Amino acid sequence: MKSSLTELDKEELINQYLPLVKRISAKFMHKLPPSIELRDIVNAGINGLLEAAERFDDSLDSSFEAFAYHRIRGAILDYLRACDWLPRSIRSRMHKLEKAYLMVEQKLGRQATEEEVAKELGITVEEFRDLLGDVSNIVMLSFEELGFGKGEDRFWSKDESSTVPLDNVLDQELVDIIARALDRLPERERMVLILYFYEELNLKEISEVLNLTESRVSQLRASGLLRLKVYLRKSLGIIKD
């Protein structure tokens, strides 16, 4: 479809909202490998901003900035998926972790402990936790590949203009899948994800609430998300028992 924005409209829009695009891009850069350049992320975000301007319906009860925020993030994620940004070494480690969780929990018929997953991987618990810390930020972005959200702040619906909670915007089947997945997590991992996604606390704030180190909270977030990915993939038929 041909754009209805004139070049002057685009220039004014970019000038007005470029600070927002740069803020969102900077948050992504903290989680990405050095091979990804900031200018490419910003350019993808600008494309998302322009798309938001084309699609925004001002009759809806939402601000353009809120709508643009999610479209900018979505455009950046689309760019990352298209360029296969994740280094093979990291992708391989994540795959090994997911497979280890899956194998142990299938074998035991219950949640796997850190000790059991570490044993499956042939490493110590300390090495296992270090590995979780190494992939923590990457897991955050790769989790979105399943289509359960477009940001780190919470699980969003596919309606990028929406800013209402998860259970008001996702269809009930997906709500039930996520609820069951969260219920299956060990208590501390479940608490970390609830505080992070639903209460919108950052890692430092969660560490203070749970009286844990920030690095430990990061590890628990990674472990919880990896378990969720395994469960959601199985629930959606992406992987089988």
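The values are calculated or read from the model by the stated rules, or taken from the named source; none is laboratory data. Not measured: the values here are computed from a predicted model. Neighbour counts are summed over all protein chains in view; Cβ atoms, including those assigned to glycine, are modelled from backbone coordinates with ideal geometry.
Tabulated values for the structure
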read-out: From the options I24, I46, I36, residue that is assigned to a helix (DSSP H, G or I), in contact with a Leu (Cβ under 9 Å, 6 or more places away or on another chain) and either at pLDDT below 90 or surrounded by 16 or more Cβ atoms within 10 Å (Cβ to Cβ) (or both); value: I46
read-out: Failed criterion for L141 (all others in (1) of a type in the set (A, V, I, L, M); (2) in contact with a Phe, Trp or Tyr (Cβ under 9 Å, 6 or more places away or on another chain); (3) at pLDDT 85 or above hold); value: (3)
